[in-house]
Amino acid sequence: MILDAVTQLGPWSWFVLGFLLLAAEVVAPGVFLIWIGIAALIVGALSLALWDHAVWGWQVQWVLFAVLSGVTVLVGRRVLGRSNQITDEPNLNQRGQSLVGRTAILAEPIAEGRGRIRLDDTIWSVTGPDLPVGARVRVASSAGRDLVVEAVA
């Protein structure tokens, strides 16, 4: 049944596949199916011009589709991967980095290089020089889930 539909549609079957993939990208967005859909549309455009040639068999079409899918995915990732946009919130999804420069008072002493501070509504694990409870510290950097602090005079 599907083979009959593909045979009857001829080169237009690639356009149908391409638009189905683009529609699937709209339904389940992930910026991946769009590139494969574009590859199918390119093969469809080539099929319109080359459909009656002996060289343009289904094997050549599928190999070209596979190669174009890989190329369009790589080109799309490279184009969309460039994120040189300037933003007013550069540390939006990097909570630890957004705390750098803030000062706090130790909630637990820093002993053997580890302690805790309270910033806003969160208790943070910190590393730094040994200091007693109540000492004022400044967040110098973020190292994974821990904050690196230094004493404030």
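The values are calculated or read from the model by the stated rules, or taken from the named source; none is laboratory data. Keep in mind that this is a model prediction, so the values were computed, not measured. All Cβ positions, even for glycine, are placed from backbone atoms using ideal geometry, and neighbour counts span all protein chains on display.
The figures follow:
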| read-out | value |
| --- | --- |
| Subset of segment 29-51 (residues that are touching a residue at least 40 places away in the same chain (Cβ under 8 Å) and part of a loop (DSSP other than H, G, I, E, B)) | 31, 32, 51 |
| Residue list for segment 117-153, restricted to those being of a type in the set (D, E, K, R) and within 28 Å of the chain's Cα centre (by Cα) | 145, 146 |
| Residue match in segment 90-100 (condition: part of a loop (DSSP other than H, G, I, E, B), of a type in the set (S, T, N, Q), touching a residue at least 24 places away in the same chain (Cβ under 8 Å) and loosely packed, with under 15 Cβ neighbours inside 10 Å) | yes |
| Candidates 66, 54, filtered to the one that is in the same structural domain as residue 22 (by TED's automatic domain parsing), at negative phi and assigned to a loop (DSSP other than H, G, I, E, B) | 54 |
| Segment 22-64, residues that are aliphatic (A, V, I, L, M), farther than 16 Å from residue 12 by Cβ and modelled with pLDDT under 85 | 28, 31, 54, 55 |
| Which listed residue is farther than 30 Å from residue 47 by Cβ, in contact with a Phe, Trp or Tyr (Cβ under 7 Å, 6 or more places away or on another chain) and part of a strand (DSSP E or B), from 138, 116 | 116 |
